[in-house]
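The values are calculated or read from the model by the stated rules, or taken from the named source; none is laboratory data. The model shown is predicted, which means the values in this text are computed figures rather than measured ones. Cβ placement follows ideal geometry from the backbone for every residue including glycine, while neighbour counts extend to all protein chains displayed.
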């Protein structure tokens, strides 16, 4: 009997999340919600709003483009980087009800992450950050995110989280540099994005 070849890794899909930040005398807060219990990917985990890039995200008009530094840190060309930013804004509106102008200029890149090769669902995710004062409307739970709330970084770190979400929150605590998280042979690797 011939041994079967190991399964080929699933190709990661492009995805983007938006970290909405509020600064006040009490410190920094972020908007996070909990994924549905029956979700195929990340059930019950608390996340920033976001999701995969749709074809329409490539054609959305924007007021201002991403900065050159932000594009470079996404690891993508300008067209894909713009689609990622549009996906982050669109998904935030769909999942939270908050509306942000289609202006990529204020966005910064906090992190990138590529999920492990042995994951059945894989993403090459970009985590954009923006000042929450730019958002209009009131945040409300949706079928994609429940328990949506503004939380301090310390409170957020006590929730059930992915390692990438925890790393982003810890980087925000110290105002650290953007980073890339990858996984190889069961080891998590993190490196700064210059």
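Among the residues examined, residue 148 does not qualify as under 22 Å from residue 39 (Cα atoms) and without any contact (Cβ under 8 Å) to a residue 24 or more places away in the chain.
Of the residues making up the range 168-189, just one is touching a strand residue (DSSP E or B) at 6+ places or on another chain (Cβ under 6 Å) and part of a helix (DSSP H, G or I), namely 168.
Cβ-Cβ distances below 9 Å connect no pair with a first residue in the range 1-16 that is at positive phi and at pLDDT 90 or above, a second residue that is surrounded by 10 or more Cβ atoms within 10 Å (Cβ to Cβ) and assigned to a strand (DSSP E or B), and a separation of six or more residues or different chains.
For the range 12-32, which residues satisfy the criterion of being within 19 Å of residue 81 (Cα to Cα) and over 11 Å from the mean Cα position of the chain (by Cα)? Quick ask: steps written out before the conclusion?
Within the range 12-32, the subset within 19 Å of residue 81 (Cα to Cα) is 12-20.
If the condition is that a residue be within 19 Å of residue 81 (Cα to Cα) and over 11 Å from the mean Cα position of the chain (by Cα), then 12, 13 are the ones that fit.
With respect to the conditions (1) farther than 25 Å from residue 166 by Cβ; (2) in contact (Cβ under 8 Å) with a residue 24 or more places away in the chain, residue 78 lacks only one, and its number is (2). Reported count of residues in the range 157-187, each being closer than 21 Å to residue 43 by Cα, touching a helix residue (DSSP H, G or I) at 6+ places or on another chain (Cβ under 8 Å) and free of Cβ contacts under 8 Å to residues at least 60 places away in the same chain, is 1. Among strands (runs of 3 or more DSSP E) entirely within the range 43-151, having at least 1 residues that are over 17 Å from residue 22 (Cβ atoms), out of contact with any helix residue (DSSP H, G or I) (no Cβ under 9 Å at 6 or more places or on another chain) and modelled with pLDDT of 95 or more singles out 108-114, 123-131. Within the range 50-75, the set of residues being in contact (Cβ under 8 Å) with a residue 60 or more places away in the chain and closer than 16 Å to residue 102 by Cα comprises just one member, 50. You will find that of 122, 126, the residue that is under 16 Å from residue 51 (Cβ atoms), under 10 Å from the mean Cα position of the chain (by Cα) and touching a residue at least 60 places away in the same chain (Cβ under 8 Å) is 126 and no other.
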